[in-house]
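Participant: Let me begin by handing over the structure; questions about it come next.
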Amino acid sequence: MSHRMFTEKELKQLQNNLNVLRLLGLTISCQSSFKQVAIKEYQKGKFPSQIFEEHGFYVNFIGQDHPNSRYNGGVKPVRSMEKQD
């Protein structure tokens with residue numbers, strides 16, 4: 001994963017994305033509703049990068065590996081939330 005800083009334009013795009021919960025340094029936290037949708041779409045056969053791009057995340061500036069790491073990091077918390085419902 002790239003550790004470069006986001007440009008002002010990139011930060012603005014991320015801040016305006018309804019799927020973004022918060023930005024902190026180089027960390028992007030996504031809404032749990034997006035994580036749930038992403039898991040369902042992944043289970044249907046979509047690639048993480050495709051899911052992120054379809055939901056307003058531009059892989060060219062968040063890094064090619066970022067969608068994969070975000071998916072892997074978000075699966076457990078969302079699955080544990082589904083079990084509680």
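Participant: Along the charge dipole of the range 1-40, Cβ charges K/R +1 and D/E -1, which of GLN13, LEU26, ALA38 sits furthest on the positive end?
Facilitator: Selected residue: ALA38.
Participant: Right, another one. As a footprinting exposure proxy, order ILE51, ILE39 by other Cβ within 10 Å, with the fewest listed first.
Facilitator: Lowest count first: ILE39, ILE51.
Participant: Which FRET efficiency, nearest 0.05, do LYS9 and GLN43 yield, Cβ-Cβ r, R0 41 Å?
Facilitator: Computed FRET efficiency for LYS9 and GLN43 comes out at 0.80.
FYI, it's all coordinate maths here, none of it is from the lab. As the structure is a prediction and not an experimental result, all values here were calculated from the model. In this analysis, Cβ positions are derived from the backbone assuming ideal geometry, glycine residues included, and neighbour counts consider all displayed protein chains.
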